[in-house]
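Undergrad: Starting off with a structure, shown below.
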Amino acid sequence: MPNSKTLNNLTWGIGFSLVVLLISSTASYIGIQEQNRHRQELAVTRKIISTSTSLLASLQGAETGNRGFLLTGKESYLEPFNNALESLPKELQ
């Protein structure tokens, strides 16, 4: 039959182990929640970058077409400009 000191040590050991398990589980849960939040923020950031890149390409096309028209007077250079004017409202939404 175990003595009271052994039972006391065993009780403290089990209690300490449960506290460590609880702290570890809580830390894991918080870490998973943070990871999910970061994943959502990353998806939004990627969408913003993609939209910005597309918008920049349209604006550069408009600028190039406008410059070409101003330098040459040929209306064929206005095609990228007109295309950009049509696509910009869609890209800004």
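Undergrad: What percent of all Cα-Cα pairs in the chain falls into each 5 Å bin, going from 0 up to the bin containing the maximum distance?
TA: Final binned percentages: 2, 12, 10, 9, 8, 6, 6, 5, 5, 5, 5, 4, 4, 4, 4, 3, 3, 2, 2, 1, 0, 0.
Undergrad: Against the longest alpha carbon principal axis of the chain, how many degrees, from 0 to 90 and to the nearest 10, is the axis of helix 78-92 turned?
TA: 30 degrees
Undergrad: Positive end of the charge dipole of region 7-93 (Lys, Arg +1 and Asp, Glu -1 on Cβ, about the Cα centre): tell me which of G68, I32, A57 has its Cα farthest that way.
TA: Positive-end residue among those listed: I32.
Undergrad: Ordered by residue, what ³J(HN,Hα) values in Hz, to whole numbers, does region 37-47 give under the Karplus form 6.51 cos²θ - 1.76 cosθ + 1.60, where θ = phi - 60° and Gly and Pro are x?
TA: Along region 37-47, the couplings run 5, 5, 5, 5, 5, 5, 4, 5, 4, 5, 5 Hz.
We did not get these values from a lab; they are worked out from the coordinates using the rules stated. The structure presented is a predicted model; accordingly, all values stated were derived computationally and were not measured. Don't worry about glycine lacking a Cβ; one is built from the backbone with ideal geometry, like all the others, and counts go over all protein chains shown.
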